[in-house]
Amino acid sequence: MNTAMAGSSGFATARRVNRSLTATAEKRALTWIAVRSPQWVTSDGLTLLGLLAQIAAGGFYVLAKFNKYALLGVIVCIVLNWFGDSMDGTLARVRNQQRPRYGFYVDHMVDIFGATAMMCGLGGSGFVHWPVAIAMLVAFLLLSAESYLATYTLNLFQMSQGIFGPTEIRILLIAGNVALLRNSHATLFGHTNLLFDVGGAIAAAAMTVMAVAITLRHTAALYKQEPLP
């Protein structure tokens, strides 16, 4: 959905920045699909698809505790989540049906609830310990909150950090699930750990450091724009 911010003169669309590896190719592909989509496909329906797919991914993670091949269901759900989450805004823009405030609010609340459902499912899967799953969720929420506040205060919606965006993260998660099908453990510095404990700890630490660094940068930028008299 379209992302925007509230300003003193109304509701102005924020500048979107996406420099991820797949951004250009993804935009072209999504626009091509949106132009050819039948009228019964709607942006709201795609948003709902993205949310349900993420919730279902959490469910498949829990089922994978009993049968590892449920991880294939997780992979399918991640792809469906990408399609719904990425296509809803593109379709709205192609059809000139943008609803900035509605889109901003619903899209990001869906992300929050969906991520919570997926991380809870992952925590219940046995492939990662609960503290690591919670750490990943908290780090994601910190980074998300910073992004939303920056959209409002700086009129800038940063869709990617460096070359990594939501699509790249999904690709890494799919690769991780494929690796889980082969072996749920990894050896690091001579110690055997759960594969997703290692990857999750690295991801949580990276997101937290990123959130702190971006917060400091944006704080400095806002201080320059609004210095003390």
Coordinate range along principal axes, alpha carbons of the chain, Å, largest first: 56, 53, 27
I want the antiparallel fraction of DSSP beta bridges within the chain, as a percent rounded to 5. 75 percent
Relative contact order %, the chain, counting alpha carbon pairs below 8 Å whose residues are six or more apart: 28 percent
Normalised per residue, the volume inside the convex hull of the alpha-carbon atoms of the range 124-173 in Å³ amounts to 83 Å³
Two-site FRET efficiency, His129 against Val178, from Cβ-Cβ distance with R₀ of 25 Å, rounded to 0.05: 0.75
Counting only residues 5 or more places away or on other chains, whose amide H sits under 5 Å from the amide H of Arg16 once H atoms are built in the peptide plane? Phe157
Quick one: grab the alpha carbon gyration tensor of the range 138-213, order the square roots of its eigenvalues as a ≥ b ≥ c, and give me rounded if a/c is under 1.5, else prolate or oblate depending on whether a/b is larger than b/c. prolate
Note on the range 69-155: alpha-carbon gyration tensor, axes a ≥ b ≥ c; rule is a/c under 1.5 for rounded, else prolate if a/b larger than b/c, else oblate; result oblate
Report ³J(HN,Hα) in whole Hz for each residue of the range 185-192, in order, from the Karplus equation J = 6.51 cos²θ - 1.76 cosθ + 1.60 where θ = phi - 60°; Gly and Pro get x. 10, 9, 9, 9, 6, x, 10, 8
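Of all the stretches in the chain, which is the longest one without any exposed loop site, taking chymotrypsin sites (Phe, Trp or Tyr not before Pro) in a DSSP loop (any state but H, G, I, E, B) with at most 12 other Cβ atoms within 10 Å?
On the way: sites that count: Trp40, Phe66, Phe189.
Longest site-free region, per DSSP loop and neighbour criteria: 67-188.
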Quick query: amide H of His185 versus all other amide H atoms, modeled in the peptide plane; which residues come in under 5 Å with a sequence gap of 5 or more or a different chain? Leu195
Taking the dipole about the Cα centre of the chain, with the C-beta of Lys and Arg at +1 and of Asp and Glu at -1, give me whichever of Gly50, Met136, Gln98 is farthest to the positive side. Gln98
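Read-outs throughout are calculated quantities, based only on the coordinates presented, and are distinct from any laboratory measurement. Not measured: the values here are computed from a predicted model. When we count neighbours, we look across all protein chains shown, and the Cβ atoms used for this are built from the backbone with ideal geometry, even at glycine.
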